[in-house]
Every structure is written in structure tokens, then in C-alpha cells.
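Only one structure is covered here, and it is reproduced in the block below.
The values are calculated or read from the model by the stated rules, or taken from the named source; none is laboratory data. What you see is a predicted model; the values in this text were computed from it and never measured. Quick reminder, even Gly has a Cβ in these numbers, built from the backbone with ideal geometry, and neighbours come from all protein chains shown. Please note that ligands, DNA and RNA were not included when accessible areas were found on the heavy atoms of the full protein model with its side chains. Shrake-Rupley method; radii C 1.70, N 1.55, O 1.52, S 1.80 Å.
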Amino acid sequence: MIIRTGKDGFQHPLSSEITPQAVYQGRRDLMRLMATGVAGAALASWAGRQALAAVPRPGKLAALPGAASTVPGANTVEKLTEYKDATSYNNFYEFGTDKGDPVQNAHTLKTRPWTVEVSGLVKKPMKLGIEDLLKLAPMEERIYRLRCVEGWSMVIPWEGYSLSKLIDRVEPLGSAKYVEFVSLADPKTMPFVGSRVLDWPYVEGLRMDEAMHPLALLTFGMYGEVLPNQNGAPVRMVLPWKYGFKSAKSIVQIRFTDRQPGTAWNKAAANEYGFYSNVNPNVDHPRWSQATERRIGEDGLFAKRRKTLMFNGYEAQVGQLYAGMDLKKNY
Ligand SMILES: Nc1nc2c(c(=O)[nH]1)N[C@H]1C(S)=C(S)[C@@H](COP(=O)(O)O)O[C@H]1N2
Ligand SMILES: [Mo]
């Protein structure tokens, strides 16, 4: 049994003995495992975590705690990707196309003031300042697998709330069938906006029922802190059952439409990146297989690739959204 002592209900070792990262990760593991009723095993894994070396963090970021989510499927019981990997191996093409570019370059992004305009086919269009958006619904923590279309994956604790909470506020019209997400495209602060890799701004989209699914997370933080710029500060989407590129970063507009949005990657290469882009091990990318993936942090000589799961392992939760659809055609 866990002895409840601290004001947050958990017993901690002396804070001088362990790194903040280890405390954070250990506490999250306990909450997660207690939720699934295997707390005993948690103590062993928690003790093991304390042996982890301190992880350097890029600058000081504000804490953004969230209560463990109760949404079904929202708490993967897997080893978290290390913070330093999740924040230094990124895709954010506005800041460069190499994995190491965003962490180097994204310091120029100005995340305050920040406004998200919610418009289109809704009864109540609104412009929300980031401080109001942060307060629109209670913050939750979700531990999601993120699978990049390139064949690697991570396990990341995110802070946010279901996008549906925002959608409910703006009251979509019956004619609204899709939601479009538009990322900031500011050539002054984003050195690769203007390059010809993609058609800027970065645009993504979802069908309305996908956007309303409780797992679709409007995200403000990770690892208990606000998002680092390279991960899409101050607000992004995280859609755990879809390839990573569907999860637009640094969002400035959310628009409700009656037509399927033209998305950045679909425009760049329609035969490679479809509108749905659900994780699907049975549909190969034209240039490579999607059957397996490399988990970032398991890069040793003998590391085995993992089998990619249908809908990235969220089939029980989201499979119904695609019932009857030909997923080879609708890739
Ligand atoms: N605006 C914008 N959003 C983006 C991207 C991008 O280049 N620009 N890259 C996408 C891709 S390909 C992935 S895998 C994820 C990566 O998120 P992460 O860096 O937080 O892991 O962000 C997605 N969102
Ligand atoms: Mo990706």
C-alpha cells in the first residue's frame, strides 16, 4: 500500500535526494498505476526511476499541472519518453526541417500575447486570448502515444482538455462538417516560413465527429509544464490515433467549414498524406512500410522495432468513427 502523507497524497523521499524530473515521473507513474489498481508494482518502478540521471531542461517553464484524466484510453501504461528527447527531437517545419532545428530556433516564437480566433459555421464565433483559453475547462493530464508518419514514436504526458469543450462553447451550426486548424505563419519569427517545403500557413483538419471525440486534446502543456516553443506553444492539438502531422502546433485559428479542408501535407504530396491519416500498420506509406516503429529512447544496438498498432492502439475508443469506411482508400 501507498502511505499517504504529503499534501498531494503521496509519500515523497527527501527532495534533495532526487531530481525534479524523477519526482515528476515517479508521481505520475503512481497516479496512473493506482488508477489501474496495480499500485504495488508502481513502487518498484518508481524506485528505479530515481536512478535516472538529471535531465537538462531548456529554460524555466511555468508549471501547468493537470488532474489525471478519466477519459477512457487517455492513460497509456508505458514508460514515458524522456523529457529531453521529447523536446529536442521535433518536427516543426516553420523552424527548420531537421529534428534538431526546432529546439535551436523556436526561441524566437512570441507566445504572448496570443489570440485564437474561432470562426466559420458557428453560432458564437469568438476570439479568445490564451489566458482565457487556458481557463475554459479544467486541465487534465493525458499520457498518449504519439506516432510520427516517419516511423518513430514517443509516450508523452500532455496537459490540456478535450477540444469538444471549446466546440460546445461556440455552438457549431448543423452545416459545420469539418474543423480546420491554422498554425501561426510569421516570417519574422519563424525562419522557414517562406521556404518552399510546405504551403504556409500549416493547416490541418478533422471531420466534426473526430474533433468531438474526447481523446482529441487541445493541448497547453507537457510533463506538468507549459509547452516549450518547439512542441507547439502556446496551444496545439494532440490526436493520439493519427499520425503526428495531424496535430497542428501553435494554433491561431480554428474554423468550422462544410468542406474538407485542404491540409498542408495533403497539398504537398496527396498520394503520401491523406486527409484521415489514421495510424494503420496495414497501409504502407508509398515509400516505406508502416508495420513497425522505433520508440525514441530505445535506440540501442539491439533495440527491436515495435509493432505499430491499428489506430496507434486506440481502436477500442475511435474505431467506431470509421465503421464501414475503406481505410485503404481513406488513408
Ligand atoms: N505547425 C506545425 N505543426 C506540426 C508540425 C509542423 O511542422 N508544423 N509537424 C507535425 C509532425 S510531423 C509531428 S510528428 C508532430 C511532432 O510533435 P512534437 O514535436 O511535439 O513531438 O507535430 C506536428 N505538428
Ligand atoms: Mo510526424
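List of remarks:
- Rounded to the nearest whole angstrom, the semi-axes of the ellipsoid equivalent to region 198-331, taken from the Cα gyration tensor as √(5λ), stand at 23, 21, 16, largest first.
- Contour excess over end-to-end distance, with Cα ends at K165 and M325 and 0.36 nm allotted per residue: 54.9 nm
- Taking a straight line from the alpha carbon of K110, these aspartates and glutamates sit under 19 Å away, with near neighbours fewer than eight places off in the same chain left out: E94, D101, E131, D132, D186, E225.
- Packing order of peptides 158-165, 73-80, 231-238, highest average first: 231-238, 158-165, 73-80 (average count of other Cβ atoms within 10 Å over each peptide's residues).
- Distance between region 262-318 and region 201-218 - C-alpha centres, whole angstrom: 18
- Taking the accessible area of region 63-322, probe 1.4 Å, and keeping the other protein chains in place, the carbon and sulfur fraction comes to 52%.
- For region 63-322, accessible area per residue (1.4 Å probe, heavy atoms of protein chains only), Å²: 41
- Across region 246-288, Cα-Cα pairs farther apart than 14 Å form 59% of the total.
- D (Stokes-Einstein, µm²/s), Kirkwood Cα radius, region 54-175, 1.002 mPa s at 20 °C: 126
- Of the trypsin sites (Lys or Arg not before Pro) found in region 283-331, those in coil by DSSP whose Cβ has at most 11 other Cβ atoms within 10 Å are R287, K304, K328, K329.
- Gyration tensor (alpha-carbon) shape descriptor, region 143-214, a/c threshold 1.5: oblate
- Gyration tensor (alpha-carbon) shape descriptor, region 63-322, a/c threshold 1.5: rounded
- Each Lys and Arg contributes +1 and each Asp and Glu -1, all at the Cβ; summed about the Cα centre of region 63-322, the dipole is approximately 180 debye.
- Over 27 Å apart at the Cα level, from the set K79/K242; K188/K267; K246/K307; K99/K127; K165/K307, are K99/K127; K165/K307.
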